[in-house]
Amino acid sequence: MSTAVVTGASAGIGYEFAKILAQKGHQLALIARNLDRLNEIKQELESKYGVNVILIPADLAVENIAEDIVKEIKYRQLNVEILVNNAGFGFCGYYHEQPWANERDMIQVNITSLSQLTKLMLPSMLEKKRGRICNVASTAAFQAGPMMTVYYATKAYVLHYSEALALELKGTGVTVTCLCPGPTATNFQSTAKLDSTKVSKMSAMETAAQVAATGYEATMAGKSLAISGTTNKLLQFSTRLLPRKTAGNIIYNLQKKRQ
Ligand SMILES: NC(=O)c1ccc[n+]([C@@H]2O[C@H](COP(=O)([O-])OP(=O)(O)OC[C@H]3O[C@@H](n4cnc5c(N)ncnc54)[C@H](OP(=O)(O)O)[C@@H]3O)[C@@H](O)[C@H]2O)c1
């Protein structure tokens, strides 16, 4: 029996992704910090869809936590065929005013743990010539993001890392998909100290279920890039036509209003 691993499965897009995977009959290994919420989700998915749900509570901001997670996966003899690197968070505010600990943790969760989990899970996928990896970036990945400077930069990393890896792995049976959601109705906005009412007034927010469905389809089809939502696709295309500095300035003004 193969297993799908989902990070950040206790809420938002990760939870909806886990739900779709359970509906499709996959055994799950769910990762997040909130064990109470994970336990509720385990009960819900096991009783509704009859799949086995394993919980691996972990803080992905902890250095080398990926090694402990993979040890647990090996100890339980899980055959991981799908990895959804979804956990992530952002923070809005001037870079010089933010405590370093926030940004250090953000880089650790959004970049380092994602890359390390992928590195540690790839060999067994390559051996079996079978695997699907989905890395959740953002439409933030396509331009500089003043007021969310580090967050946008972490997502640019995820996009470029995923696209490069997808090309390296061509023909191996393992695919890498980069899912880029735009503004989505989840806890992300409050964690990032963004005023969600202002964000939703400025841009049509997708639901987490819509984003997860786009991500699931693209991942199973082995597509390298999936931008969720037609408006987000058009916006992303239009930023390509603008000078980089102009695109950055537009984000700066939007972000100041969103605070
Ligand atoms: N919502 C948006 O507007 C939006 C737009 C573009 C991209 N995204 C991306 O989509 C992904 C999912 O975000 P979301 O919108 O679903 O946000 P969310 O509702 O806040 O969910 C975030 C998930 O990540 C987990 N997480 C956060 N920090 C963690 C840590 N240190 N260790 C382990 N797990 C951690 C949380 O679980 P615990 O708190 O239980 O640990 C939670 O399950 C993120 O990568 C985000 O950057 C979101």
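Just so you know, all these numbers are worked out from the coordinates, no wet-lab data involved. Because the structure is a prediction, the values reported are computed rather than measured. Virtual Cβ from ideal backbone geometry, glycine too; neighbours counted across all protein chains shown.
Here are the numbers for the structure shown:
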read-out: Verdict on Lys129 being surrounded by fewer than 20 Cβ atoms within 10 Å (Cβ to Cβ), more than 16 Å from the ligand (Cβ to nearest atom) and within 19 Å of Glu63 (Cα to Cα); value: no
read-out: Matching option when the condition is touching a helix residue (DSSP H, G or I) at 6+ places or on another chain (Cβ under 7 Å) and either free of Cβ contacts under 8 Å to residues at least 24 places away in the same chain or surrounded by fewer than 17 Cβ atoms within 10 Å (Cβ to Cβ) (or both), among Gln189, Gln259; value: Gln189
read-out: Residues located in the stretch 92-110, provided they are in contact with a helix residue (DSSP H, G or I) (Cβ under 8 Å, 6 or more places away or on another chain) and within 11 Å of the ligand (Cβ to nearest atom); value: Met106, Asn110
read-out: Leading residue by the ranking (farthest from the chain's Cα centre (by Cα)) among those in the stretch 1-10 that are in contact (Cβ under 8 Å) with a residue 60 or more places away in the chain and buried (at least 20 other Cβ atoms within 10 Å of the Cβ); value: Thr3
read-out: Wholly enclosed helices (runs of 4 or more DSSP H) of the stretch 206-259 bearing at least 2 residues over 23 Å from Ala153 (Cα atoms); value: 208-221
read-out: Those residues of the stretch 20-70 which are part of a helix (DSSP H, G or I), surrounded by 15 or more Cβ atoms within 10 Å (Cβ to Cβ) and in contact (Cβ under 8 Å) with a residue 40 or more places away in the chain, in sequence order; value: Ile20, Leu21, Ile65, Ala66, Ile69, Val70
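Condition check ((1) over 22 Å from Gln236 (Cα atoms); (2) in contact with an Asp or Glu (Cβ under 9 Å, 6 or more places away or on another chain); (3) hydrophobic (A, V, I, L, M, F, W, C); (4) not in a helix (DSSP H, G or I)) across all residues:
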site	(1), (2), (3), (4)
Met125	yes, yes, yes, no
Ala141	no, no, yes, no
Ser162	no, no, no, no
Ser190	yes, no, no, no
